[in-house]
Amino acid sequence: MKLTFWGGAKMVTGANYLLESGGTKILIDCGLHQGSRYCERHNFEPFPYKPEEITAVFVTHAHIDHIGRLPSLYRAGFRGEIYSTGPTKDFAELLLLDSEHILRREAEREKKPPLYDTNDVVQTMGLWRKQSYHEKVTVGPYEIEFYDAGHILGSSSLVVKTEGKTAVFSGDLGNTPAPLIKPVEYVKEANYALVESVYGGRVHERPEARKDQLENLIEDIVKSGGTLMIPSFALERTQELLTELNELVENGRIPRVPIFIDSPLAIRLTSVYQKYSTDPRYFNKEAIAAIQGGDAIFNFAGLKMTLTTEQSKEINNVPPPKVIVAGAGMSNGGRILHHEQRYLSDPKSAILFIGYQAKGSLGREILDGADSVKIYGEEIPVRCKKVAIGGYSAHADQPQLLRWASSMRGSLKKIFVVQGEEKEAGALAQKIKDELAIEAEIPSLGEEAVL
């Protein structure tokens, strides 16, 4: 079995792994490169393999850095099948259609043809098959099994067996316990593993601490009479945040203040959560019990969902204090830019980062202490308070990543550390060597490994 790293190597985004065995080629994920302009230019390069020779693609989860090039793969000649869990497929259709117009603008900027159009998305979805966890799929010489990765609703780690060997692809592993979904499932035995390393060198705050920090920040904003901006990823982060805001509001832990979800995509994705909200394959027992007990966790006093552009503009007319949750999560597009343009310069306001900010993104610039940033061609001074709560990350931290790897310790020959910046990947690789005594390598883009 030959494995080639065509993405996610010494970088967080663009996950794309090619497996070859007995003449059959399959892909694990086919994601967009995100972050800096240089990084995103990779999206317009031709695939380094022949798409028409790929028999199947297995998708770990629906984040765009894992699915974003699938319609391009179709456009380039792929006609095999795509496999994922049900929620992943449902999310993917919404996310791919949403990103199509963003990518079209990027193509115009780069003076290149668009990566794909809406018809390519429709045709791609026609090739997509839904699988349940532990429902094994056979493609040529491969047997693939989905395990719950605990990252977002429907996320998976993939166990691939062929030639008498077992390789595990972690996908993105979750920050367990999460308020809605079930925890990470551990694989007991494998010969090789690819493990993500977004937070390979860090330890998150405790989940209880993050709620206290959110409560304190909202109370501070109410006292100062400012606006709290929360750039949030439309998928999972927004829904987790809604769950915790619901709890804070219902228990009287924060003052009544208008809370806006200003993201059409997040509102649509929340409907997928509602679809699966009583499905025990995906939601945890506590969340199902709360929902069945009548708690509308995505609807509470003071919450306003602004779907249309007109509704979004009306937020400007609501005097502070107020809370605005909007995409994109790294401030690299979306409605959050309008609010940042308006409130970043206000010392009474604050911006809260609850997710990973990639190198080169506007969010990373603000978080790293830039005195001013450029938004829509205008130089905006950054005078507001800047806060980051790592505990809201949907990614596992170093101890959780080590726990996942250690579950296979007795059988692992080698671990490939992927999907992380080099500093984070290096920290995790060293820990794996020191504490688990397993060979760990950080592969380079295009590197091949014979397993």
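The values are calculated or read from the model by the stated rules, or taken from the named source; none is laboratory data. Treat the numbers as computed from the prediction; the structure is a model and nothing was measured. Every residue, glycine among them, receives a Cβ derived from its backbone with ideal geometry; neighbour counts consider all protein chains shown.
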Strands (runs of 3 or more DSSP E) contained in the range 256-368 and holding at least 1 residues in contact with a strand residue (DSSP E or B) (Cβ under 8 Å, 6 or more places away or on another chain) and buried (at least 23 other Cβ atoms within 10 Å of the Cβ): 259-261, 322-326, 350-353
Filtered residues of the range 3-19 (kept if in a loop (DSSP other than H, G, I, E, B) and farther than 19 Å from His61 by Cβ): Lys10
Among the candidates Leu97, Leu73, residue that is within 29 Å of Ala394 (Cα to Cα), touching a Phe, Trp or Tyr at 6+ places or on another chain (Cβ under 9 Å) and of a type in the set (A, V, I, L, M): Leu73
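Among the residues that make up the range 34-50, is at least one of them among the hydroxyl-bearing types (Ser, Thr, Tyr) and either free of Cβ contacts under 8 Å to residues at least 12 places away in the same chain or in a loop (DSSP other than H, G, I, E, B) (or both)?
Yes, the range 34-50 contains a residue that is among the hydroxyl-bearing types (Ser, Thr, Tyr) and either free of Cβ contacts under 8 Å to residues at least 12 places away in the same chain or in a loop (DSSP other than H, G, I, E, B) (or both).
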Neighbours by Cβ (under 7 Å, 6+ apart or cross-chain): first from the range 88-104, among the small types (Gly, Ala, Ser); second surrounded by 21 or more Cβ atoms within 10 Å (Cβ to Cβ) and not in a helix (DSSP H, G or I): Ala92/Ala62; Ser99/Gly68
Pairs, first more than 18 Å from Ile64 (Cβ to Cβ) in the range 109-123, second among the small types (Gly, Ala, Ser) and in a helix (DSSP H, G or I), C-beta under 9 Å, six or more apart: Pro113/Ala107
Qualifying position, being over 23 Å from Thr176 (Cα atoms) and out of contact with any helix residue (DSSP H, G or I) (no Cβ under 6 Å at 6 or more places or on another chain), among Val198, Val249: Val249
Matching residues in the range 57-115 - criterion: being surrounded by 21 or more Cβ atoms within 10 Å (Cβ to Cβ), of a type in the set (Gly, Ala, Ser), in contact with a Ser or Thr (Cβ under 8 Å, 6 or more places away or on another chain) and assigned to a helix (DSSP H, G or I): Ala92
Qualifying positions in the range 168-187 - outside any loop (DSSP other than H, G, I, E, B) and surrounded by fewer than 24 Cβ atoms within 10 Å (Cβ to Cβ): none
Odd one out for Asn119 among (1) at negative phi; (2) outside any helix (DSSP H, G or I); (3) not aromatic (Phe, Trp, Tyr): (2)
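This table checks each residue for (1) closer than 18 Å to Val139 by Cα; (2) in contact with a Cys (Cβ under 9 Å, 6 or more places away or on another chain).
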residue	(1), (2)
Met11	no, yes
Ile28	yes, no
Gln34	no, no
Pro48	no, no
Glu52	yes, no
Thr55	yes, no
Ile64	no, no
Residue check for Ala190: assigned by TED's automatic domain parsing to the domain that holds Gly35, crowded, with 19+ Cβ neighbours inside 10 Å and not in a strand (DSSP E or B): yes
